[in-house]
1. Report P(r) for the stretch 2-72: all Cα-Cα distances, bin width 10 Å, range 0 to the bin holding the largest distance, values in whole percent.
2. What nm distance separates the two modelled labels at Arg43 and Gln23, each placed 7 Å from Cα along Cα→Cβ?
3. Treating cross-link reach as a plain straight distance, find the aspartates and glutamates whose alpha-carbon is under 16 Å from the alpha-carbon of Lys17, omitting any fewer than eight places away in the same chain.
4. Taking the Cα atoms only, what angle lies between the long axis of helix 50-72 and the longest principal axis of the chain, rounded to 10 degrees?
Amino acid sequence: MYYLREALRDFSSLKNKPRWENQKALEEAGKIDMEVVERDIQRIGSISDMRGLREEISLIAAKALSVASRLMG
């Protein structure tokens, strides 16, 4: 959970960056609802078994890679 919150803080800093080189990335960042993200982090924090936690983290990573590849292409 600590690392998820740290990543969220890093993202918030990047999101508020005054100038973005990649306009598509800026548009995608603007679509992210931070309240939903915080709720999801709390939900993930309530997962008690390691298998469920690994599956959830794998899903997050897969979605992030999907978005990143779309922005790079």
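Just so you know, all these numbers are worked out from the coordinates, no wet-lab data involved. Since the model is a prediction, treat every value here as computed from it, not as a measurement. No Cβ is skipped: glycine too gets one built from the backbone with ideal geometry, and neighbour counts run over all protein chains shown.
1. Percent of Cα pairs in each bin: 16, 48, 28, 7, 0.
2. If labels sit at Arg43 and Gln23, their model points lie 3.4 nm apart.
3. Glu27, Glu28
4. Taking the Cα atoms of the chain, the angle to 50-72 is about 10 degrees.
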